[in-house]
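Participant: Quick one: structure below, then a few questions.
The values are calculated or read from the model by the stated rules, or taken from the named source; none is laboratory data. Note that the structure is a prediction, hence the values are computed from the model and not measured. No Cβ is skipped: glycine too gets one built from the backbone with ideal geometry, and neighbour counts run over all protein chains shown.
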Amino acid sequence: MSERVLMKGNEALAEAAIRAGCRHFFGYPITPQTELAAYMSKVMPKIGGTYLQAESEIAAVNMVLGAASAGVRAMTSSSSPGISLKTEGISYMAGSDLPAVIINVQRGGPGLGGIQPSQADYWQATKAPGHGDLHVLVFAPSSVQEMVDLVGHAFDKADEYRMPAMILADGMLGQMMEPVAIGEGSGGSNVEKPWAANGHKGGRKHNIVNSLYLQAADLERLVKERFERYAVIEEKEAMSESYMTEDAEYIVVAYGASARVAKAAVREARSQGIKAGLIRPITLWPFPKKAIKDAAENAKAFLCVEMSMGQMIDDVKLAIECSRPVEFFGRTGGIIPTPAEVLENIKKLAGGDK
Amino acid sequence: MKRITLICGHYGSGKTNLALNMALEAAKSGEKITLVDLDIVNPYFRTVDYTEVLEKQGINVIAQNLEGTTVDAPALTARMFSIFDESMGRVIVDVGGDDVGATALGRFAQRFNESGYDMLYVINRNRKFISEPDEAASLLGEIETACRLKATALVNNSHLGPQTTAQDVIDSVPYAKAVSKVTGLPLLMTTAPKAVCDEIGDRVDNLYPVDVVVRLPWDN
């Protein structure tokens, strides 16, 4: 059964996690993700779950590590500066092969930055979500409905591959309201977790969850095994949406809230006779290289649109092996580009007004 | 209606869109009007974001807006006190969501009681925490406790954003009537986006057509 309700993105993330069987949430307040934690604090006690406001972001992420070690679905959420603090725990979870979901409702940075929406944590999420050789799954929703859908998916994939997954949203997606249909959700994990340190009652050998390996050869072997898993993920798990790309000469690449803006601009460009299209990465790691490379065959040029100074653009260039020019347009510091600004840049790409 | 109208309710119930519509309508009819943004708990989708449009229509906007920043400082502007001067004309106060947002109103409770006020409680059956009449009534209790003022009427603002259909509005009326029964408050009106008002026709009493002013940035 699914009901249609009006939800803020932040609330939708929380409700979707609950329906995916998450009963352990550890947070620390920060704008603009506040409603997520507030929602958890209201609902978790009523359903026998745990909502805990920790003493810091670092404490919260390590509580997630502890809960995940016991095999339960656990989540934490924050916004950019708070995520920087959580990277220690994210690295430890990756190093311990633990599944968990981390939400980043991005705001402007660096430093304390601002409290308006931003996408300037792309590099952090996809390249260095913590120290060491590691990746986390990164999902980038662009509507409240997709926030709902991707949270359940993120929990499933985190469990399947035994690694942390991140939902990379932004302040606009977190704060805006849209009608959503929320299904029952999976209600729990889809895989057995024989590795969980959840009490053996003398019935089996005890499990150890650990990321410390003092024998270099052991650590190298483990990291290499992990990267074999990452290779499978890159092969199988990339997700993207293609919009009007079939005959597109000028392709905009944008994710999240920027993709909403870009879509409006592409529609307008089409109405003015410009063959524009949009590729919207839904997973940022793994990056949807194939979809972008395939689209390059008929394209003349690309335009990357981001709410940052240009962080995804390099991944687009690599995906198409620099076979086409890739231009950039972005606003940063908390400013959302307008469809008119993006349209202007599409026109520039197409060689002036048509 | 009293000179001062306070608009309170659950966050996300549509208070800001209602306040903007009421203010713009009053301005159109030539009334002297002041719109107060008293939302100091949420830095997104606020009345103050529409200051330019409002001032163009001759509406006096009072907001806590520190030099145009988006800082979420829980502080109020001293200009709030001007609304108690009768020469300011009609005043609409857009209060922050829930009891947390209504707390800011409590600071002026005595002044509102002296000058008289209407307090509209905005409800939306599509919002989870007030989708049952009992929940809506219990949130109202929390809001009234926080602001030390009493609601005087209900506004049924049940909507689903741009996807609101005539049927959604019609279906929300029994809910609104149930809330009215539990709270003892009269149902002042039911809002609907102007686009669906013709289809609703006379099937909803006291229909108040609204423009959807609060929109997503890429829909403008």
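Participant: With the checklist (1) buried (at least 20 other Cβ atoms within 10 Å of the Cβ); (2) more than 15 Å from A:LEU343 (Cβ to Cβ); (3) of a type in the set (Lys, Arg) in hand, flag the one item A:LYS236 doesn't pass.
Facilitator: The one condition A:LYS236 does not meet is (1).
Participant: Continuing with this model, one more query. What's the total number of residues in region A:239-255 that are crowded, with 16+ Cβ neighbours inside 10 Å and either in contact with a Gly (Cβ under 9 Å, 6 or more places away or on another chain) or within 12 Å of another protein chain (Cβ to nearest Cβ) (or both)?
Facilitator: The qualifying residues number 9.
Participant: Surrounded by fewer than 24 Cβ atoms within 10 Å (Cβ to Cβ), in contact with a strand residue (DSSP E or B) (Cβ under 8 Å, 6 or more places away or on another chain), of a type in the set (Ser, Thr, Tyr) and within 14 Å of chain B (Cβ to nearest Cβ): does that describe A:SER41?
Facilitator: Yes.
Participant: May I pose another question? Just one of the numbered conditions (1) surrounded by 13 or more Cβ atoms within 10 Å (Cβ to Cβ); (2) more than 14 Å from chain B (Cβ to nearest Cβ) is not true of A:ILE208; which one?
Facilitator: With (1) surrounded by 13 or more Cβ atoms within 10 Å (Cβ to Cβ); (2) more than 14 Å from chain B (Cβ to nearest Cβ) applied to A:ILE208, the lone miss is (1).
Participant: So, in region A:186-230, how many residues would count as being more than 27 Å from A:LEU150 (Cβ to Cβ) and either touching an Asp or Glu at 6+ places or on another chain (Cβ under 6 Å) or not assigned by TED's automatic domain parsing to the domain that holds A:SER96 (or both)?
Facilitator: Residues meeting the conditions: 1.
Participant: If a residue must be within 30 Å of A:SER258 (Cα to Cα) and away from chain B (no Cβ under 14 Å), how many such residues does region A:161-185 contain?
Facilitator: 10
Participant: Residues being surrounded by fewer than 17 Cβ atoms within 10 Å (Cβ to Cβ) and outside any helix (DSSP H, G or I): count how many of those fall in region B:197-206.
Facilitator: 5
Participant: Could you name every one of the strands (runs of 3 or more DSSP E) located completely within region A:49-117 that has at least 2 residues being out of contact with any His (no Cβ under 7 Å at 6 or more places or on another chain), without any contact (Cβ under 8 Å) to a residue 60 or more places away in the chain and not assigned by TED's automatic domain parsing to the domain that holds A:GLN311?
Facilitator: In region A:49-117, A:50-53, A:74-78 are the strands (runs of 3 or more DSSP E) which contain 2 or more residues that are out of contact with any His (no Cβ under 7 Å at 6 or more places or on another chain), without any contact (Cβ under 8 Å) to a residue 60 or more places away in the chain and not assigned by TED's automatic domain parsing to the domain that holds A:GLN311.
Participant: Out of region A:1-36, which residues are at the interface with another protein chain (Cβ under 10 Å from one of its Cβ atoms), surrounded by 24 or more Cβ atoms within 10 Å (Cβ to Cβ) and in a loop (DSSP other than H, G, I, E, B)?
Facilitator: A:PRO32 - this is the single residue of region A:1-36 that is at the interface with another protein chain (Cβ under 10 Å from one of its Cβ atoms), surrounded by 24 or more Cβ atoms within 10 Å (Cβ to Cβ) and in a loop (DSSP other than H, G, I, E, B).
Participant: If the requirement is being of a type outside the set (Gly, Ala, Ser), free of Cβ contacts under 8 Å to residues at least 24 places away in the same chain and either in the same structural domain as A:ALA128 (by TED's automatic domain parsing) or closer than 29 Å to A:PHE227 by Cα (or both), which of these qualifies: A:LYS317, A:LYS289, A:LYS263, A:LYS293?
Facilitator: Only one candidate qualifies: A:LYS317.
Participant: A further question follows. Might you let me know whether region A:159-168 holds any residue that is of a type in the set (Val, Ile, Thr) and either surrounded by 12 or more Cβ atoms within 10 Å (Cβ to Cβ) or not assigned by TED's automatic domain parsing to the domain that holds A:SER91 (or both)?
Facilitator: Yes: one or more hits.
Participant: What is the residue count in region B:122-171 for residues that are buried (at least 24 other Cβ atoms within 10 Å of the Cβ), part of a strand (DSSP E or B) and either at pLDDT below 95 or within 11 Å of chain A (Cβ to nearest Cβ) (or both)?
Facilitator: Qualifying residue count, region B:122-171: 0.
Participant: Among (1) without any contact (Cβ under 8 Å) to a residue 24 or more places away in the chain; (2) within 14 Å of chain A (Cβ to nearest Cβ); (3) surrounded by 15 or more Cβ atoms within 10 Å (Cβ to Cβ), there is one condition B:PRO209 misses while meeting the rest; what is its number?
Facilitator: Every condition holds for B:PRO209 apart from (2).
Participant: Being closer than 27 Å to A:LYS224 by Cβ and β-branched (Val, Ile, Thr) is the filter here, so list the residues in region A:115-159 that pass it.
Facilitator: A:THR126, A:VAL136, A:VAL138
Participant: Of these, A:ALA264, A:ALA340, which one is within 14 Å of another protein chain (Cβ to nearest Cβ), in a helix (DSSP H, G or I) and under 23 Å from the mean Cα position of the chain (by Cα)?
Facilitator: Residue meeting the stated conditions: A:ALA264.
Participant: Considering region B:19-60 alone, what residues qualify as being more than 30 Å from A:GLY108 (Cβ to Cβ), of a type in the set (A, V, I, L, M) and part of a helix (DSSP H, G or I)?
Facilitator: Residues satisfying the conditions are B:MET22, B:ALA23, B:LEU24, B:ALA26, B:ALA27.
Participant: Taking region A:300-314, which residues are among the small types (Gly, Ala, Ser) and surrounded by 22 or more Cβ atoms within 10 Å (Cβ to Cβ)?
Facilitator: Of everything in region A:300-314, just one residue is among the small types (Gly, Ala, Ser) and surrounded by 22 or more Cβ atoms within 10 Å (Cβ to Cβ), namely A:SER308.
Participant: Now for a separate question. Of the residues A:GLN124, A:GLN145, which is within 14 Å of chain B (Cβ to nearest Cβ), assigned to a helix (DSSP H, G or I) and in contact with a strand residue (DSSP E or B) (Cβ under 9 Å, 6 or more places away or on another chain)?
Facilitator: Just one listed residue meets the conditions, A:GLN145.
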